[in-house]
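The values are calculated or read from the model by the stated rules, or taken from the named source; none is laboratory data. On a predicted model such as this, the values are computed, not experimentally measured, just so you know. All Cβ positions, glycine included, derive from the backbone under ideal geometry; neighbour counts span all protein chains shown.
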């Protein structure tokens, strides 16, 4: 019999921890059990170490769509899958997921076989959409969807009530900070979502990656503040890069605002460009940066 991964029980909620507290490429598997139904939140790679337990699920609720959150879905081909309507197309087809990422075709062509191999990626054309405020009654326990976009357009917090246990997904409280580098991501939405999350009346917070479970509000607030501060730190880093003089978006992306220089992956350049472009838009609107030229020859400099 396969040994289950380490776990933690929080009343009706069990968290099964992936490798290194669910550090990407793994994640933390959450199961919620009521009298009448059992629900799985996402299905990260660790799901393949607990297939029999995962098979207890009557429903999978995806907090958002990325390859690492769909890894266990092939284990549950007949179990219904629901995802926020803004991420629904990304769950249903490769074409939808490609638009969701927004990477160049050459990057997507390299990426697809890798995620099929490493994450068991397969689309779920049967997936159904849910909306802000959707409630699932499990019998003595309910799950409520709270739409907190930014990481993706459909990223949601799944709140287990009445216990107040919040699965906050890829608002992962890591030192890396927020990720908003895909076509479906939004820096502005992420800022608003972090403010909403801070005010959420919860008693425990579960992340998909890194921190795992936080059960003290003071600690949660400390981690969330440091996580949110990375947004302003990146803007400050970008301004420092521009102190050397005017630079194009391509030149700035090559300096790596998000990833360490040694990090190598197909999507890195696209993510750097998307992230930096959003910060430049903010800085332009604030009058702290100005643009010179046009088209591919726009150069950004301090105002």
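Restricted to segment 102-166, the set of strands (runs of 3 or more DSSP E) holding at least 2 residues that are within 29 Å of residue 49 (Cβ to Cβ) and in the same structural domain as residue 79 (by TED's automatic domain parsing) comprises 128-130, 142-147, 156-161.
Residue-level check: of (1) touching a helix residue (DSSP H, G or I) at 6+ places or on another chain (Cβ under 6 Å); (2) crowded, with 17+ Cβ neighbours inside 10 Å; (3) on the phi < 0 side of the Ramachandran plot, residue 146 misses just (1). Is segment 5-22 home to any residue that is in the same structural domain as residue 145 (by TED's automatic domain parsing), surrounded by 20 or more Cβ atoms within 10 Å (Cβ to Cβ) and within 16 Å of residue 128 (Cβ to Cβ)? Checked against the condition, which is being in the same structural domain as residue 145 (by TED's automatic domain parsing), surrounded by 20 or more Cβ atoms within 10 Å (Cβ to Cβ) and within 16 Å of residue 128 (Cβ to Cβ), segment 5-22 yields no hits at all. In the set (1) farther than 24 Å from residue 89 by Cβ; (2) modelled with pLDDT of 95 or more; (3) assigned by TED's automatic domain parsing to the domain that holds residue 112, residue 184 fails one condition alone, (1). Answer with yes or no whether residue 177 is surrounded by 23 or more Cβ atoms within 10 Å (Cβ to Cβ) and either modelled with pLDDT of 95 or more or outside the structural domain of residue 40 (by TED's automatic domain parsing) (or both). Considered against the rule, which asks whether it is surrounded by 23 or more Cβ atoms within 10 Å (Cβ to Cβ) and either modelled with pLDDT of 95 or more or outside the structural domain of residue 40 (by TED's automatic domain parsing) (or both), residue 177 comes out as no. Step by step: first the residues of segment 178-211, then only those that are assigned to a helix (DSSP H, G or I) and touching a helix residue (DSSP H, G or I) at 6+ places or on another chain (Cβ under 9 Å), then the one that is farthest from residue 150 (Cα to Cα). Which residue is that? If we take residues in segment 178-211 being assigned to a helix (DSSP H, G or I) and touching a helix residue (DSSP H, G or I) at 6+ places or on another chain (Cβ under 9 Å), then 198 is farthest from residue 150 (Cα to Cα).
Looking at segment 257-303, which of the residues that are assigned to a loop (DSSP other than H, G, I, E, B) and touching a helix residue (DSSP H, G or I) at 6+ places or on another chain (Cβ under 6 Å) is surrounded by the fewest Cβ atoms within 10 Å (Cβ to Cβ)? The residue in question is 266.
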